[in-house]
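Structure first, commentary second.
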Amino acid sequence: MGNNENNHVKVPKDHPRLTSLMYRHKIIEGMKNLVVAEAGLIAHGRGECFDYILGEITNKIAIQAINAAVAQLLLAQHPVISVNGNVAALCPEDLVLLSKTLNAPLEINLFYRKKGRIDAIKKLLKKAGAQKILGVDENTMVEIEELSSNRRMVDPSGIKISDVVFVPLEDGDRTEALKKLGKTVIAVDLNPLSRTAIWADITIVDNIIRTLPLMVKIALQYKKYTKEQLKNIVNEFDNKKNIQDILEFIIEYINLQKEKAFDILYK
Ligand code: PTJ
């Protein structure tokens, strides 16, 4: 977002929650332009809530998951980056950069298939520099039978033939379905207890706005690594431990915040 004025509300530059407010406005603008589903606003709010109890930082645990995710995507034969409305609205340029760096196509895959949304997201991604975008031709799409939601419609040259699927901000049961099809799933979800977070092979518990630029940076570094080195990074990663560590982190963080709040309340 180039300025800090939106919806006729001027957000002061020294506002303590400036970044958060700017991304809120991106989501609101996205909803007006059909990029974001109405429910996307609620999803964003849920994400903000979890980010709050993670201290709004990318912690060491998330960085380890990001490293494993990048290594896994570089090892893949057919990696795909699944794009929904929220992710497109929040960080279109980073999506395009990651896609180019990893040589992994972007595929639009929506839960809410309101008319005009695919075109709106395609336009936004093109503006951000995307050349090829999958999931845009309704006539050639194929079904994933394991799934009943709109997300079952996939591109025959993308998710359908993929071996590794990157699914930022996911709902419901797609991860489970993709896993049943033998695919490796990498999720970004601020909620470590969501079905997606629990089912994914690699769960990055972090805000997508911080995750994507980091992934690009690490991908540029890991592209110089041998397959053996990349495999070692993936093998050292354990998603069960990852989720457990994140939950411990949240508990510790909340306890710390409780002490700080009590210091003020009872001083
Ligand atoms: O564009 P569509 O039609 O495909 O729909 C996209 C949404 C996000 C509306 C849809 O997938 C949905 O309803 O998702 P849920 O069930 O609300 O789940 C979204 C998950 O993403 C929740 O667990 C949130 O905590 C998490 N989340 C929200 N914002 C962020 C996030 N995770 C990482 N970074 C965020 N910025």
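The values are calculated or read from the model by the stated rules, or taken from the named source; none is laboratory data. Predicted model only: the values in this text are computed from it and were never measured. Note: ideal-geometry Cβ built from the backbone for every residue, glycine included; neighbour counts use all protein chains shown. The accessibility values were calculated without ligands, DNA or RNA, using every heavy atom of the protein model including side chains. Shrake-Rupley method; radii C 1.70, N 1.55, O 1.52, S 1.80 Å.
Taking only alpha carbon atoms, the stretch 60-244 gives an Rg to Rh ratio of 0.93, where Rh is the Kirkwood radius. Counted over the stretch 60-244, the DSSP beta bridges are approximately 10% antiparallel.
Rounded to the nearest 10 square angstrom, Met31 shows an accessible area of 60 square angstrom against a 1.4 Å probe. In order along the stretch 44-50, phi translates into HN-Hα couplings of 5, x, 5, x, 4, 5, 5 Hz, rounded to whole numbers, per the Karplus curve 6.51 cos²θ - 1.76 cosθ + 1.60 with θ = phi - 60° and x for Gly and Pro. Note on the stretch 15-101: Kirkwood hydrodynamic radius from all Cα pairs is 14.7 Å, rounded to one decimal.
Applying the Karplus relation 6.51 cos²θ - 1.76 cosθ + 1.60 with θ = phi - 60° to the stretch 103-111 yields 3J(HN,Hα) values of 6, 10, x, 8, 10, 6, 9, 10, 7 Hz, where x marks Gly and Pro. Here the stretch 150-267 has 55 percent of its accessible surface on carbon and sulfur atoms, given a 1.4 Å probe and all protein chains in place. For the stretch 156-233, the fraction of C-alpha pairs more than 22 angstrom apart is 31%. Dividing the summed -39500 (n - 2.57) terms of all DSSP H runs of n ≥ 4 by the residue count of the chain sets its mean residue ellipticity at 222 nm at -16000 deg cm²/dmol. Please go through the residue pairs Lys60/Lys183; Lys179/Lys217; Lys100/Lys122; Lys13/Lys60; Lys60/Lys241 and name each one whose alpha carbons sit more than 18 Å apart in this structure. Among Lys60/Lys183; Lys179/Lys217; Lys100/Lys122; Lys13/Lys60; Lys60/Lys241, the Cα-Cα distance tops 18 Å for Lys60/Lys183; Lys179/Lys217; Lys13/Lys60. Taking other residues whose beta carbon is less than 14 angstrom from the beta carbon of Gly40, and scoring Lys, Arg as +1 and Asp, Glu as -1, yields +2.
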